[in-house]
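Okay, so here's the structure we're looking at.
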Amino acid sequence: MPPATSLRVYSTLTRTKEPFEPVQPGQVGMYLCGPTVYKPSHIGHMVGPVIFDAIKRYLVYSGYKVTWVVNITDVDDKLINESNARGMTMAELAQEMTADYRRNLATLGVDTIDHFPKATENIDEIIRLTQRLIDTGFAYASDGDVYFEVGKDPQYGKLSRRSLESMQGEGGEMAERKRSPADFALWKSAKSGEPSWDSPWGKGRPGWHIECSAMSGRILGETFDIHGGGLDLIFPHHENEIAQSECAHGKPQAKYWLHNGLMQAASEAGKVGGRATRVASGSSNASPVGMVGQPATKISKSTGASPFSELLERHSPEVIRFFLLSTHYRSPIQYSEELLEETARSMEAFYRFFKRYQRVTGESFYDLDFPSSRDTEHALLQAAPLRSAALHHFIYPLREKFVNAMDDDFNTGGAIAELFEFVRKLNAFIDSEGLETIKPADQPLRSKVLRQGTQVFRNLAATLGLFLKPIETKTSDDEGLVGQLMQLLIEARANARKNKDFATADTIRKRLGEIGIALEDRPGGTEWSRG
C-alpha cells in the first residue's frame, strides 16, 4: 500500500501548494542541481543538499521509497579557465573539487544521495537528446554549434513567467550563429586547446542546460516527481531544462518544482531557537520567484565566501546543519558569524538534556533505539506505559505539530521549534517526577516512560538528520585551562553558599551568565555549559 499522508508541497511551476502525489505510488524520484566543480565549495553550496537531505529523510520516514540524484558539472568555461590558471587538466581539477564537495557533504551528514552523475560521463546521452531535439524540429545546427529554438516552444517561459521579448541570449560569436537572441546552446563547437568530444556536428562539448535534462531523464525517467535547486536557477537554467525535456519527450519533466531561498549576508543577528526560531516567513503562501522578496545578490565566491573547510574550523557540522534547517527552505537564509554562534548557544539546551538523560537512566541518548517510520513511531506512542502517563498528553500533540509542520511544504523551521518544546516537556517530566533524586533501579516505570518519550524525540530529530551521533569535541590546551578555571569558580561558589554568603554565590552565577556560561545545580553537583 502506498503511504497515506497529508503532505502538501509548493511548486514554483503552479505557484500553489499541491497535494503530494508521486508519479508512481509509493516511489519518489528527486533531482537536485549540483555544483560546477571549479573551486572549493563554500557554505552556499551546502544549502540545497542539506535541505533536500532532510526532505528525503522525511519522505522515507513517511513510507516512500526515494531515489535522489545530484549532478556534478565537470565541464564548463569556469573549469577550463581555472584549470589553465592552475596548470592542470580540466579532469584533474574536477576530480579534486568533486572530492572536496563530497567530503563537505559527508561532514554535514548529507549521506542519502543515491547517484552523483557527472556531465562528462553522460556525453552519449547528451548527444542523443540533442539529436532528438533536432529531429523533432526544436533545435538546429549552426557552424558546429547546436541551439534550441525558443520560438518553437509555445510554453517557453512558463516557470519563470517571463515573456520571450524580455529574454536575452549569449552574445559574441554565438550571437551571429543563432536565429534568435533568446536561443540557447545545446552543443558548443570546440575551441583550440579545450576539451572536446566527437559528435554528429563536429568536435565540441555540451551546453550547461542539456546536461541536467540528459542525466535526470536517464536515471529517473522522462517524468519524475521533484526537481529542486536554488532560487537563482529558475531562469535560465530550469526554464531551459523544461523546454529541452518536454519538447523532446512530449510530457512534463517534473511534477513539482521546489526552489530554496539563497544565502545572503545578514545585516544584524537575530534570535534563534525555541518559539523564536526562524520558522517560515515563506511557509504559507509566499510567491516563489522573489517569493520572499530576496534580492538577486547571494553569498558566493565572488562576494568573498570562504572555503567551507575554513568555516568548519570555527563551527561544528551539526551547528551548521541546524542553522540551515532553522529557516523554511523557500525563505532566504540570513548568514552571519553571530547567527551561527547564537545557533550553537541555543543547541546547548539539547546537549544538556542528553547529559541529563544519561544521569537519570544510566543510558546514553545516542545508544537509544528509536523507530524509523511513522507507523512504528505511532505504535510506540500507543504502547504502555507511555500511553497511560501524563507525559503522553504532551508528547502526542508535540509529535503531531512536528509532523504537521513537515507536511506543510517541509517546514523544517516549524518542526525545529517543536523539538525545543519537546525537550522542555521532557525536562519538566524529570523535574515533576523527581527522577534525578531516585536511583534508576527504584524508578523502573517512570524511567521507561522517559525512555519512550525520548525515543519519539530522537526519531523526529533523525528525520532532519540531527543528533544522530555524539558531536566530536576538540580539546585544546586553552580548553583544558578553561575547564580547570571553571571548576575553581564552581568550588568558590559552593563555599560561598556553604558560608551563607549568597550575594557572592549569586554574583558568580550572574557574571558567568553574562559571558554565556550557564550553571546547573544537580543532586550530584554543579555542572557548567556554554549557552
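Each residue in segment 352-371 was checked for being farther than 30 Å from residue 519 by Cβ and modelled with pLDDT of 75 or more, and 2 of them qualify.
In segment 35-59, the residues that are free of Cβ contacts under 8 Å to residues at least 24 places away in the same chain and part of a loop (DSSP other than H, G, I, E, B) never reach a residue that is of a type in the set (Phe, Trp, Tyr) and open to solvent by less than 10 Å² (accessible area, probe 1.4 Å) with C-beta atoms less than 9 angstrom apart, at least six apart or across chains. If you go through segment 103-116 and keep only what is in contact (Cβ under 8 Å) with a residue 12 or more places away in the chain and assigned to a helix (DSSP H, G or I), you end up with 104, 105, 107. Considering segment 162-272, the qualifying helices (runs of 4 or more DSSP H), each wholly inside and each with 2 or more residues that are modelled with pLDDT of 95 or more, run over 208-220, 239-249.
Just one residue in the set 503, 496, 492 is modelled with pLDDT of 80 or more, open to solvent by 50 Å² or more (accessible area, probe 1.4 Å), among the aliphatic types (A, V, I, L, M) and over 29 Å from residue 340 (Cβ atoms); that residue is 503. For the residues 425, 401, 439, 448, the requirement of being among the basic types (Lys, Arg), under 30 Å from residue 260 (Cβ atoms) and open to solvent by 50 Å² or more (accessible area, probe 1.4 Å) singles out 401.
Of everything in segment 60-86, what is outside any helix (DSSP H, G or I) and open to solvent by 70 Å² or more (accessible area, probe 1.4 Å)? Give them in sequence order.
65 - this is the single residue of segment 60-86 that is outside any helix (DSSP H, G or I) and open to solvent by 70 Å² or more (accessible area, probe 1.4 Å).
Per the listing 393, 378, the residue uniquely over 24 Å from the mean Cα position of the chain (by Cα), farther than 23 Å from residue 60 by Cα and open to solvent by 50 Å² or more (accessible area, probe 1.4 Å) is 393.
Kindly evaluate residue 94 against the criterion of being open to solvent by less than 70 Å² (accessible area, probe 1.4 Å), in a helix (DSSP H, G or I) and without any contact (Cβ under 8 Å) to a residue 40 or more places away in the chain. For residue 94, the condition - open to solvent by less than 70 Å² (accessible area, probe 1.4 Å), in a helix (DSSP H, G or I) and without any contact (Cβ under 8 Å) to a residue 40 or more places away in the chain - is not met. In segment 3-34, the residue that is surrounded by the most Cβ atoms within 10 Å (Cβ to Cβ) out of those that are under 17 Å from residue 224 (Cβ atoms) and among the small types (Gly, Ala, Ser) is 34. Take the conditions farther than 23 Å from residue 330 by Cβ, at pLDDT 95 or above and of a type in the set (Ser, Thr, Tyr) and apply them to residue 396. Does it pass? Here the answer is no, as residue 396 does not meet what is asked.
Kindly evaluate residue 95 against the criterion of being closer than 30 Å to residue 402 by Cα and at pLDDT 95 or above.
Numbers: closer than 30 Å to residue 402 by Cα: no; at pLDDT 95 or above: yes.
Considered against the rule, which asks whether it is closer than 30 Å to residue 402 by Cα and at pLDDT 95 or above, residue 95 comes out as no.
Number of residues in segment 175-192 that are charged (D, E, K, R) and more than 23 Å from residue 124 (Cα to Cα) equals 4.
Out of segment 520-531, which residues are at pLDDT 75 or above and either hydroxyl-bearing (Ser, Thr, Tyr) or over 33 Å from the mean Cα position of the chain (by Cα) (or both)? Walk me through it before giving the result.
Let us first name the residues in segment 520-531 that are at pLDDT 75 or above, namely 520-521, 526, 528.
Once the filter is applied, which keeps residues that are at pLDDT 75 or above and either hydroxyl-bearing (Ser, Thr, Tyr) or over 33 Å from the mean Cα position of the chain (by Cα) (or both), segment 520-531 yields 520, 521, 526.
Selection of first residues in segment 398-416 that are closer than 18 Å to residue 426 by Cβ and of second residues that are polar (S, T, N, Q), restricted to Cβ pairs under 7 Å at least 6 apart or on distinct chains, gives the following pairs, ordered by first then second residue: 416/277; 416/326. Looking at the structure I just gave you, is residue 119 out of contact with any Leu (no Cβ under 9 Å at 6 or more places or on another chain), closer than 28 Å to residue 46 by Cβ, without any contact (Cβ under 8 Å) to a residue 40 or more places away in the chain and of a type outside the set (Lys, Arg)? Taking the combined requirement at face value, the residue does not satisfy it. Applying the condition of being at pLDDT below 95 and open to solvent by 30 Å² or more (accessible area, probe 1.4 Å) to segment 317-337 and asking which residue is farthest from residue 266 (Cα to Cα) yields 337.
Take residue 409 and decide whether it is more than 21 Å from residue 348 (Cα to Cα) and buried (at least 16 other Cβ atoms within 10 Å of the Cβ). Spelling it out, residue 409 is indeed more than 21 Å from residue 348 (Cα to Cα) and buried (at least 16 other Cβ atoms within 10 Å of the Cβ).
Just to be sure, is residue 510 under 30 Å from residue 55 (Cα atoms), among the charged types (D, E, K, R) and at pLDDT 75 or above? Spell out the reasoning first.
Details: under 30 Å from residue 55 (Cα atoms): no; among the charged types (D, E, K, R): yes; at pLDDT 75 or above: yes.
So residue 510 does not fit the description; no.
The values are calculated or read from the model by the stated rules, or taken from the named source; none is laboratory data. As the structure is a prediction and not an experimental result, all values here were calculated from the model. Glycine gets a Cβ as well: all are built from the backbone with ideal geometry, and neighbour counts include every protein chain shown. All accessible areas refer to the heavy atoms of the entire protein, side chains included, with ligands and DNA or RNA removed. Shrake-Rupley method; radii C 1.70, N 1.55, O 1.52, S 1.80 Å.
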